[in-house]
Amino acid sequence: MNTIIRGLPISHSAVNIGVLEAPDEIGRCAKLTDAELERRYHVALNDVKSKEKHISFEDKKKTPPMVKFIVGGGLLYYLWHKIKGVFKK
């Protein structure tokens, strides 16, 4: 297929991705005892829990000081108008 982009012809040739061949034989899974499976499960679970202890929401997300300043300023402005309205009555 030929296309023209900005006056330059570009040819797209078929892509050769190779041939997929099935394996001659499928390897057997090692049969593990229930105790070995339980031990591997607990090792994996302990790894996950130890990594979770070091990551918290506050570590990942911190509010920038400028956002705190703008929100605080807006809150003070709103309260100032409320207080002025109370004293005018």
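The values are calculated or read from the model by the stated rules, or taken from the named source; none is laboratory data. Just so it is clear, the model here is predicted, and its values are computed rather than measured. Neighbour counts are summed over all protein chains in view; Cβ atoms, including those assigned to glycine, are modelled from backbone coordinates with ideal geometry.
Worth pointing out:
- Residue check, S56 at pLDDT below 75, of a type in the set (S, T, Y) and within 30 Å of the chain's Cα centre (by Cα): yes
- Test result for K68, basic (K, R), outside any helix (DSSP H, G or I) and at pLDDT 70 or above: no
- For region 60-81, a residue qualifies if it is surrounded by 10 or more Cβ atoms within 10 Å (Cβ to Cβ) and among the basic types (K, R), and exactly one does: K68.
- Filtering region 22-36 to residues that are in a helix (DSSP H, G or I) and surrounded by 10 or more Cβ atoms within 10 Å (Cβ to Cβ) leaves only E36.
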